[in-house]
Ligand SMILES: Nc1ncnc2c1ncn2[C@@H]1O[C@H](COP(=O)(O)OP(=O)(O)OP(=O)(O)O)[C@@H](O)[C@H]1O
Ligand SMILES: [Mg+2]
């Protein structure tokens, strides 16, 4: 289970104090898909960053599979992220100086669980699943936006994380390509029993998720 309890985050800024998150609590079972919805500035990215351990909330706790991630040391947290979490961001996911297969290999080589041959097999399998086998030696600048996001997704799940965090992964894609990507994400995540938490503005995507949390000005106004 992934759970947040009374998460708050305040940013001091030139315009005064911003209550980016106020007392957010929720939980989602392992293997489920959770969407975070809400208009621009409502706190979606802040919440995802706190869930993924990229930012520390001012109050409250976040538990991922029984571990209070913000109670971990910096080193323990980065090991936990490397082993159990995958990230897909809105832009700039791929390392521009590495080929498609080198990008996917990157988290696998950090974790040192698989040998070279196993890594190559895993990459080939993932590229097949995202239907981009022919691009294995392409460089990121040679890809379309949708192709980049499919590769970013393949890389994010390459090490079989327990949890995938995706911040508006379809925001710069057309509706059809975006829907296809999310369907694929949900399908493959179920196959691997990976919990997905993603933020989106897209009503079609919200319908596909097991649960949706709606944010407004940092507050949770509904879940369904
Ligand atoms: N580092 C920061 N310093 C100051 N204020 C911040 C910072 N990061 C975010 N904020 C503010 O916190 C609020 C929530 O921002 P957040 O990025 O979480 O919103 P969002 O829902 O992801 O928006 P969008 O849909 O535009 O991506 C906004 O008012 C934003 O301006
Ligand atoms: Mg955002």
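Bear in mind these aren't lab numbers, they're just calculated from the coordinates by the rules spelled out. In this text, all values refer to a predicted model and were calculated from it rather than measured experimentally. Heads up, the Cβs are rebuilt from the backbone with ideal geometry, glycines too, and the neighbour counts pull from every protein chain shown.
For the range 108-224, the convex hull spanned by the alpha carbon atoms encloses 128 Å³ per residue.
Every helix of 4 or more DSSP H residues in the chain counts as -39500 (n - 2.57), and over all residues that averages to -11000 deg cm²/dmol at 222 nm. Put simply, the Cα atoms of the chain extend 48, 39, 36 Å along their principal axes, the longest span coming first.
Using the Cβ-Cβ distance between residue 75 and residue 219 with R0 set to 35 Å, the FRET efficiency works out to roughly 0.55.
When its C-alpha radius of gyration is set against 2.2 N^0.38 Å (N residues), the range 183-224 gives a value of 1.28. Inter-label distance, residue 97 to residue 109: 1.2 nm, where each label sits 7 Å from its Cα along the C-beta direction.
With 0.36 nm allotted per residue and the present C-alpha distance subtracted, the residue 131-residue 160 stretch has 8.6 nm of extension available.
Here r is the Cβ-Cβ distance between residue 30 and residue 201 and R0 is 30 Å; the resulting FRET efficiency, rounded to 0.05, is 0.70. A simple spin-label model places pseudo-atoms 7 Å from Cα toward Cβ; at residue 68 and residue 82 they are separated by 2.5 nm.
When DSSP beta bridges are restricted to pairs lying wholly in the range 117-224, around 45% turn out antiparallel. Using the Cβ-Cβ distance between residue 144 and residue 58 with R0 set to 41 Å, the FRET efficiency works out to roughly 0.55.
Looking at the chain alone, DSSP beta bridges between its own residues are antiparallel in about 55 percent of cases.
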